[in-house]
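A quick write-up on the structure given underneath.
Please treat every number below as a calculation from the coordinates, not as lab data. In this text the structure is predicted, and so the values were computed from the model without any measurement. Cβ sites come from the backbone with ideal geometry, for glycine too, and all protein chains shown count toward neighbours.
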Amino acid sequence: MARELRRLLIDPARLGGDLALNAEESRYLTRVLRYGSGDRFAVIDGGGRLWSAVLLDRRTARLEQPPGQPLEAAAAAAPALTLGVAMPRLDGDVVVRMACELGVDRLQPLLAERGNGSRRDRGSEGGTQAARADRWAVILREASEQCERLWLPELGEAVQAQEWLARPWPGLALIATTRRQGLPKLCELLDPWADSLSAPLASQGLQLAIGPEGGWSPNEEERAVAAGWQAVDLGPRILRTSTAAIAGLGQLSAWRAARWSC
């Protein structure tokens, strides 16, 4: 029954005793949902736990279970999915929302040499990057509430793609690229990789890097390959960054759900 309640994501540090609602939370419950005293909703903490709550008045609610005894508790999905993407200027918000709905665990914005975060744009984009990060954090919270996930995805601070790709990562690190012959399809690598593991699958991670509309620079691809990233093909067509990000993440998420449930 709790799953039918509309959800509100609240920082766990605020949970305990009567819950003081901030202005935005009060507006959402009383003006958007038109809830009144006695109406019930769900509270999630972004860390895998859910409680039911009752609205006392416009500014106050009360959990129906003790903070240490949630109505639902779930472990984080495994292996963790990280999406590193050179965020497109126009579709970045869509990528964030859909990545959350598809189950991404960490979203890492990248500043690629041929993308909006290139060195020639850095001076004019500094303020914009901060504003976009604030907006993406809000989108992740709202999308987590809407799609009924218990874990809030982590949003990384934007970093230079060449630096991020030069790091060796545990698990399987995949970099999507185009116009190269003989690359394996993303879906062809997942089962063989999982079957070859000596450590539990849950302790591993899946990283997918998606480049900008102009493609990765040779420097970025060379650094990634040197660090152990596997170049993969997402299909026969050239995709926009937003399409590639969601298509690739969708494959990883579907595979994880199928593999983990077996």
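Find how much the distance from residue 247 to residue 135 grows on full extension, using 0.36 nm per residue of separation minus their present alpha carbon separation; answer in nm with one decimal. Provide the component values of the computation, followed by the final result.
Working: separation 112, 0.36 × 112 = 40.32 nm, distance 2.30 nm.
Taking residue 247 through residue 135 to full extension adds about 38.0 nm, to one decimal.
Looking only at the chain, where both bridge partners belong to it, what percent of the DSSP beta bridges are antiparallel (to the nearest 5)? Don't skip to the answer; put the middle values down first.
On the way: 15 of 40 bridges.
Bridges in the chain are about 40 percent antiparallel.
Sort all Cα-Cα distances of segment 199-262 into consecutive 10 angstrom bins from zero, then give the percent of pairs in each bin up to the one containing the longest distance.
17, 44, 31, 8
What is the ratio of the Cα radius of gyration of the chain to 2.2 N^0.38 Å, with N the residue count, to two decimals?
Values: Rg = 20.5 Å, N = 262, 2.2 N^0.38 = 18.3 Å.
For the chain, the normalised Cα radius of gyration is 1.12.
Could you line up 159, 43 from fewest to most neighbouring Cβ atoms inside 10 Å? Could the numbers behind the result be given before it?
Working: 159 16, 43 25.
Starting with the residue having the fewest Cβ neighbours, the order is 159, 43.
Which length gain, in nm to one decimal place, applies between residue 225 and residue 54 when the Cα-Cα distance is subtracted from 0.36 nm times their residue separation? Before the final figure, lay out the partial values.
Working: separation 171, 0.36 × 171 = 61.56 nm, distance 5.31 nm.
Difference between extended and current length: 56.2 nm.
Determine, for 191, 39, the number of other Cβ atoms within 10 Å of each Cβ, and report the residues in order from fewest to most. Don't skip to the answer; put the middle values down first.
Details: 191 12, 39 16.
Fewest-to-most Cβ neighbours within 10 Å comes out as 191, 39.
Amide H to amide H, which residues 5 or more places from residue 154 or on other chains are under 5 Å from it, using H placed in the peptide plane?
Counting only residues 5 or more places away or on other chains, the set is 106, 107.
Kindly give the semi-axes, whole Å and largest first, of the ellipsoid equivalent to segment 62-102, taking each as the square root of 5 times a Cα gyration tensor eigenvalue. Walk me through the intermediate numbers first.
Details: eigenvalues 215, 45, 10 Å².
Square roots of five times the eigenvalues give 33, 15, 7 Å.
List the residues whose amide H sits under 5 Å from the amide H of residue 85, counting only those 5 or more places along or on another chain, with H placed 1.01 Å from N in the peptide plane.
108, 110, 210
Output needed: percent of Cα pairs per 10 Å distance bin for segment 2-73, bins running from 0 to the one holding the longest distance.
22, 60, 18, 0
For segment 217-227, take each phi angle, set θ = phi - 60°, evaluate the Karplus expression 6.51 cos²θ - 1.76 cosθ + 1.60, and give the result in whole Hz per residue in order, putting x for glycine and proline.
Calculated HN-Hα couplings, in order: 7, x, 4, 5, 5, 5, 5, 5, 4, 5, 8 Hz.
Could you tell me the convex hull volume per residue, in Å³, taken over the Cα atoms of segment 2-141? Write out the running numbers ahead of the final one.
Values: hull volume 18.6 nm³, N = 140.
Each residue corresponds to 133 Å³ of Cα convex hull volume.
What's the ranking of 160-166, 46-52 by average number of surrounding C-beta atoms within 10 Å, highest first? Don't skip to the answer; put the middle values down first.
Working: 160-166: 20.9, 46-52: 19.0.
Ranking the peptides 160-166, 46-52 by packing returns 160-166, 46-52.
Which whole-Hz couplings ³J(HN,Hα) result when phi for each residue of segment 170-186 is put into the Karplus expression 6.51 cos²θ - 1.76 cosθ + 1.60, θ = phi - 60°, listed in order with x for Gly and Pro?
Rounded to whole hertz, the list is x, x, 10, 10, 10, 10, 7, 8, 9, 6, 10, 7, x, 6, x, 6, 4.
Using the Cβ atoms and a cut-off under 13 Å, what net charge is assigned to the surroundings of residue 99, where Lys and Arg are +1 and Asp and Glu are -1?
Numbers: positive: 97, 106, 149; negative: 91, 93, 101, 105, 154.
The answer is -2.
Could you state the orientation-averaged shadow area of the convex hull built on the Cα atoms of segment 126-182, in nm² to one decimal? Please report the intermediate quantities before stating the final value.
Details: hull surface 26.8 nm².
The number I arrive at for segment 126-182 is 6.7 nm².
Using the Cβ atoms and a cut-off under 15 Å, what net charge is assigned to the surroundings of residue 57, where Lys and Arg are +1 and Asp and Glu are -1?
Working: positive: 27, 31, 34, 40, 58, 59, 62; negative: 18, 25, 39.
Around residue 57, the charge tally is +4.
With r as the distance between the Cβ atoms of residue 62 and residue 142 and R0 = 22 Å, compute the FRET efficiency 1/(1 + (r/R0)^6) and round to 0.05. Could the numbers behind the result be given before it?
On the way: r = 23 Å, r/R0 = 1.06.
Result of the calculation: an efficiency of 0.40.
Starting at the first residue of segment 104-114, write each ³J(HN,Hα) from the Karplus equation 6.51 cos²θ - 1.76 cosθ + 1.60 with θ = phi - 60°, in whole Hz, x for Gly and Pro.
4, 9, 9, 10, 10, x, 10, 9, 8, 5, 9
Let a ≥ b ≥ c be the square roots of the eigenvalues of the Cα gyration tensor of segment 117-262; is it rounded (a/c under 1.5), or, if not, prolate (a/b larger than b/c) or oblate? It would help to have the intermediate numbers written out before the result.
Working: a/c = 1.71, a/b = 1.15, b/c = 1.49.
Because a/c hits 1.5 or more and a/b fails to exceed b/c, segment 117-262 counts as oblate.
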